[in-house]
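S.K.: Here it is: the structure, laid out below.
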Amino acid sequence: MFRITCQQASRLLSQQMEQPLPWTQRVRLRLHLLACTACTRVASQFAAMRLAMQAWRNRD
């Protein structure tokens, strides 16, 4: 019920960059990230990209 695949986790990571996820989706994603080092790395990469894009936008 709460388990999601890496593909679903990747999709949720991407979606949460655009808008807040419903609490059920956040819980499912967090549980997956606790068990999956690959998806945790992807989440870190997404966060780094987001910070880089914000810095680029605010470069003036």
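S.K.: Could you tell me which residue of segment 19-30 is least open to solvent (accessible area, probe 1.4 Å), considering only residues that are aliphatic (A, V, I, L, M) and assigned to a helix (DSSP H, G or I)?
M.R.: LEU29
S.K.: Which members of segment 31-53 meet the condition of being in a helix (DSSP H, G or I) and surrounded by 12 or more Cβ atoms within 10 Å (Cβ to Cβ)?
M.R.: Residues satisfying the conditions are LEU31, HIS32, LEU33, CYS39, THR40, VAL42, ALA43, PHE46, ALA47.
S.K.: Condition test on ALA38, is it free of Cβ contacts under 8 Å to residues at least 24 places away in the same chain and either in contact with a helix residue (DSSP H, G or I) (Cβ under 9 Å, 6 or more places away or on another chain) or of a type in the set (A, V, I, L, M) (or both)?
M.R.: no
The values are calculated or read from the model by the stated rules, or taken from the named source; none is laboratory data. The structure displayed is predicted, hence computed values, not measured ones. All Cβ positions, glycine included, derive from the backbone under ideal geometry; neighbour counts span all protein chains shown. For the accessible areas, the whole protein counts, side chains as well, though only heavy atoms, and no ligand, DNA or RNA atoms are used. Shrake-Rupley method; radii C 1.70, N 1.55, O 1.52, S 1.80 Å.
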